[in-house]
1. Which whole number in µm²/s is D for the range 293-402 by Stokes-Einstein, with the Kirkwood Rh taken over Cα pairs at 10 °C and 1.306 mPa s?
2. What's the center-to-center distance, using Cα atoms, between the range 17-56 and the range 267-328 in Å?
3. Starting with the highest mean, order 520-526, 276-282, 291-297 by the number of other Cβ atoms within 10 Å, averaged over the residues of each peptide.
4. Set Lys and Arg Cβ to +1 and Asp and Glu Cβ to -1, take the dipole of the range 15-245 about its Cα centre, and tell me which of Leu194, Ser207, Ala32 lies farthest positive.
5. Kindly sort Lys499, Lys386, Lys451 by accessible area of their heavy atoms, largest first, with the probe set to 1.4 Å.
6. In degrees, nearest 10, range 0 to 90: what is the angle between the Cα axis of helix 243-289 and the longest Cα principal axis of the chain?
7. Quick one: ranking Met504, Met376 by accessible area, 1.4 Å probe, largest first, what do you get?
8. Kindly work out what percent of the DSSP beta bridges joining two residues of the chain are antiparallel, to the nearest 5.
Amino acid sequence: MFTATPRLRSLLYRPWLLALVAALLSAAVLLAGSFGLAMHQARQDERAQMNAQGERFLVRLEQLFGQLRAGLDQLEAQPLRGCSPAMIEQLRQVNSRYRFIYEVAYVSESQFCSSWTRQSLIGKPRPPDIRGPTYDYWLNTSTQPDDNLASLMLGRGEFRVSTSRGHLTDVVDLPAGGSLVVVLDRGSKAVPVLGPPQTWPPTPDWSPTSTETLMSTQDKLVYRMPTQSPEYQLVLITPRSALQQKITGAWWLLVPASLLISLFIGILVLQLVRQRQSLGGELHGALRRGELKVLYQPIFDLNTRLCVGAEALVRWRRPDGTLTSPDLFIPLAENTGQIRQITDFVLQQLLEQLGQLLRANPHLYVSVNLAACDVMAPRIGRVTAKLLALHRVAPRQIAFEVTERGLVDVVVARNHLQALRDRGHQVLIDDFGTGYCSLAYLQTLPVDCLKIDKAFIDALGHDAASSGVAPHIIRMAHALQLRVIAEGIEFESQAMLLKSEGVMYGQGWLFARPLSATKFTELVTGGRRSAGRRADDVA
Ligand code: C2E
Ligand code: CA
Ligand code: CA
């Protein structure tokens, strides 16, 4: 587990540094997250835009093709052929009748006449790109970016009608490099109607029979428009170069928000660390002012229901009467190193308060919780020896509880725990099962007893039928010839089940809450028995 050396600890306790690290880390996470979000949003917008553009284009194309075909049908139905003035009049009439028809012409082997008096833009005849049963199609008759040039021509018989680029582009703002292409020959060939030629197929997995409308690659979007004609498909292709701009645009909006949140997190961390530091300062004063107290939670033999000992638990009662939980100030004291003073205080208090009781009851013991730093140095053995000599109490009457998390350096911890046992103390593993202790690891530790964590006792449930991890731990402890104490027993059913599993000792609210020295002494001298009536916490 992580150990804070004094240098590292003092470094970590600089509020500004911690706040800065927290702000920088959160800024990095938030900026990366917002970039991802902006990217996603830009892609969604782009697809939505392309879809809308494609649909608008499709509507316009349907209108446009409808008018071109209607113009040709009208001309084919009338009897005139050849380039007579009446024919030119006919061509002009059709031209002015349909909004999307740009030019109308009559083209035969020998004759050419157009609705236009100026030079015709229908151009030299060439074979049609698509030859349908009724209509022929000439695509991309001009690729020049001039809206007045014809870009699509339809023919029926000897009549031709064309539409201009402008009629196609006025509904769709085709970006530079974008094209509208007509796909022919079962998807194998693509001719642009608008814009430059495109590499074909547009995507590696392009299938002419697919019904997917929108596809995208790294650098382009491809929108396939459904057509009624099986002879061709219309496809809109636009480059994606603008995507980067859209991302950065959206991202720049998120940057100030991310920075603000990071700043807020930094300030919050600063406040929390300062609060903790001030709690540390208060704790220092609390020790001097005698605000710390020690309570004793009795431990019972589950078979005889006699009290065999107690666990010393520290309490901090502020001058205003509020109680601060040891779960809050013990970890803080471990960080600041004040825990050593607390451990010494607990030992001193317990021998002062219970010395007489312990002398009178040589089988009674009190266990003291040790922090990691207590286990990592031989100090605690010497301190206890002095106090025991002073109060004439036997070392076996003081047990030490160490948690798995407290065994930071196993080799050092093992030596010190062995030294404590050599002095005659018992060593208990507390909160067993919540750390990383394995059976193999446990075998190498000089311990006498395992305390099963309350979490596993809770899992036993309120009815004796349920099982869980506890029975496994119990079997393991028995295999290693270790005694077992179950802590946090709140229900009779749990006590019964534990007893039936061979657990000898138990501690918990079912029997007694942590008691003052006086109440604990009364409990012991008054028969040491938990007579079903629970002793209450005096804190
Ligand atoms: P711990 O060593 O596991 O202590 C057992 C905790 O469970 C105690 O909480 C006790 O009051 C509580 N407990 C006992 N039986 C029951 C029960 O039936 N139900 C419930 N809900 N709780 C029960 P406490 O006194 O608040 O102590 C919390 C933790 O603070 C202790 O856990 C221990 O890790 C630490 N601590 C307390 N006193 C000291 C101390 O003097 N030195 C050190 N290093 N740590 C201490
Ligand atoms: Ca404990
Ligand atoms: Ca415990």
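1. Once the numbers are plugged in, D ends up at 108 µm²/s.
2. The two parts, judged by their Cα centres, are 47 Å apart.
3. Averaged packing, sorted descending, gives the order 291-297, 520-526, 276-282.
4. Value computed over the given set: Leu194.
5. Values: Lys499 80, Lys386 155, Lys451 0 Å².
Order by accessible area, largest first: Lys386, Lys499, Lys451.
6. That works out to roughly 10 degrees.
7. Numbers: Met504 80, Met376 55 Å².
Largest to smallest exposure gives the sequence Met504, Met376.
8. Approximately 70 percent, going by the DSSP bridge assignments.
The values are calculated or read from the model by the stated rules, or taken from the named source; none is laboratory data. Values in this document were obtained by computation on a predicted structure and should not be read as measured data. Glycine gets a Cβ as well: all are built from the backbone with ideal geometry, and neighbour counts include every protein chain shown. SASA here: full protein model, heavy atoms, side chains in, ligands and nucleic acids out. Shrake-Rupley method; radii C 1.70, N 1.55, O 1.52, S 1.80 Å.
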